[in-house]
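Colleague: My structure is below; once you've seen it, I'll send some questions.
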Amino acid sequence: MAKINESYKKLEAGYLFPEIGRRVRGFTEANPGADVIRLGIGDVTLPLAPAVVEALHAAVDEMATESGFHGYGPENGYGFLTDAIRQVDYKARGVDIDGEEIFVSDGSKQDSGNIQEIFGQGCSIAVTDPVYPVYVDTNVMAGRTGNADADGRYEGILYLPATEENGFTPAPPGERADIAYLCSPNNPTGAVASRENLGAWVAWARENDAVILFDAAYDAFIQDPDLPRSIYEIEGARECAIEMRSFSKRAGFTGVRCAYTVVPRELTGTTASGERVGLNELWGRRHATKFNSVPYVIQRAAAAALSDEGLAQTGEQVSYYMENARRIREGLAAAGFTVFAGEHAPYIWMRTPGGLSSWDFFDQLLDKARVVGTPGSGFGPSGEGYFRISAFNSHANVDEAIERIGKVFAG
Ligand code: MLT
């Protein structure tokens, strides 16, 4: 009989967003016609930018010709896309990344989940808490943890609480770990790491021979040009950090799927006997074995999102969502809620009112205001008592949601 991977049995609950979907479906089935406003999962709502649509059409037409047909693409991505990434995302900010260091993929969720495969089973893991659940769950699945305790903390993972006191940007720990996951702008708290904070993390990683897995899926939402968008803007990061970026939120690609991971050549890990091995080589091996490249048509669309026209159009979309973030932040604060962050991210983090648990607030919000958000505790134990509101929706729905929340919960 085929034995299962027992580590899956350690997982505390179903994945967060399907669980939210299940509860919302239950509610809408019980209340047919209820006008539910969804500010839960961070899924974009605006249609694709015209430059992206044009590139998709043109690439499909090309594929319909003998000379323009493309089969399997290069494992790491087409040069036209990796060149655009190098120029727009890195060179423009003074960072040199080689094309061979970029691995184009179909999503940062996948990359941030799969990357742990190239590390040893015994590697110790540090995460900020609350955290994007993929980082923790994939390490649990891989058997790198023990069981969860009553608060949902897995044995063997070092949790670094992101709190009001530290501005939801924890400093590196006083102890070592082999791998640390960082995300800035942060999902779920919406906080953004300063240059000093990232500098401290890079120094810590170098001192401890650790690897930082830096998730920059929301970099386009940073409004202050002085804030770092890439960890490679910090000196020394090439020797200790892998970076993941995505077209999902910046260019409306959640249903189109394109992202990339950067693994610098300098970055190494060690074998049991202490030999240094390049992580670029290992990730390249994994990518070539388990992935057959993002479709040509989609890579053309991603490159179009990085063209001048595409950047201007997707920049407007980002501004549209950031206007929502402002309305949510200010609207909830005016209604008496304690809200945090969201100045450089499409997420607003708030304290639940009246000491409600995150899930109790979720249920009440759905039941009384017909608004869906995301319970903070779904992102980790330190998220208990907090709640995330996403800015991905229309202005009209956001205004309506804030008005409803204010009416039901204020005072
Ligand atoms: C979220 O809502 O946290 C994100 O949409 C999840 C994701 O990007 O996978």
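Taken together, the values in this text are just the output of simple stated rules run on the coordinates, not laboratory data. Note that the coordinates shown come from a computational prediction; the quantities given were computed from them, not determined experimentally. Cβ: placed from backbone, ideal geometry, glycine included. Neighbour counts: every protein chain shown.
Colleague: Please compute one quarter of the surface area of the Cα convex hull for the range 315-379 and express it in square nanometres.
Modeller: 4.8 nm²
Colleague: If you don't mind, another one. Using +1 at the C-beta of Lys and Arg and -1 at the C-beta of Asp and Glu, which of ASN187, GLY274, GLY77 has the Cα lying farthest in the positive direction of the dipole of the range 67-307?
Modeller: Positive-most Cα among the choices belongs to GLY77.
Colleague: Further question: Looking at the range 67-307, what % of its DSSP beta bridges pair antiparallel, to the nearest 5?
Modeller: 40 percent
Colleague: Using all Cα-Cα distances in the range 67-307, what percent lands in each 10 angstrom bin from 0 up to the longest?
Modeller: Per 10 Å bin, starting at zero, the Cα-Cα P(r) for the range 67-307 comes out as 7, 33, 38, 18, 3, 0, 0 percent.
Colleague: Rg and Dmax of the range 72-178, using alpha carbons, in Å: what are they?
Modeller: Both quantities, over Cα of the range 72-178: 17.4, 50 Å.
Colleague: Another question about this same structure. Under 5 Å between amide H atoms, partner at least 5 residues away or on a different chain: which partners does LEU160 have, H built in plane at 1.01 Å?
Modeller: Here the answer is VAL127, THR128, ASP129, since their amide H atoms fall under 5 Å of that of LEU160.
Colleague: Let me ask something additional. Counting other Cβ atoms within 10 Å of each Cβ, which GluC sites (Glu not before Pro) in the range 133-201 have at most 14 and sit in a DSSP loop?
Modeller: Qualifying residues, ordered by number: GLU155, GLU164, GLU165, GLU175.
Colleague: Still on this structure, I have one more. Using Cα centres only, tell me the gap between the range 318-379 and the range 155-178 in whole Å.
Modeller: Here the two parts' Cα centres lie 23 Å apart.
Colleague: From the backbone phi of the range 350-363, what are the Karplus-calculated ³J(HN,Hα) couplings (6.51 cos²θ - 1.76 cosθ + 1.60, θ = phi - 60°) in whole Hz, Gly and Pro given as x?
Modeller: Calculated HN-Hα couplings, in order: 9, 7, 5, x, x, x, 5, 5, 4, 6, 5, 5, 3, 5 Hz.
Colleague: Hey, in the GNM for the chain with a 10 angstrom Cα cutoff, which one of PHE392, PHE362, PHE17 fluctuates hardest?
Modeller: PHE17
Colleague: Okay, moving on. How long are the semi-axes of the ellipsoid equivalent to the chain, from square roots of 5 times the Cα gyration tensor eigenvalues, in whole Å, largest first?
Modeller: Output for the chain: semi-axes of 32, 28, 21 Å.
Colleague: Still on this structure, please answer the following. Explain nothing, just compute: Karplus ³J(HN,Hα) = 6.51 cos²θ - 1.76 cosθ + 1.60, θ = phi - 60°, for every residue of the range 97-106 in order, whole Hz, x for Gly and Pro.
Modeller: Residue by residue, the range 97-106 yields 10, 7, x, 6, 8, 9, 10, 6, 9, 9 Hz.
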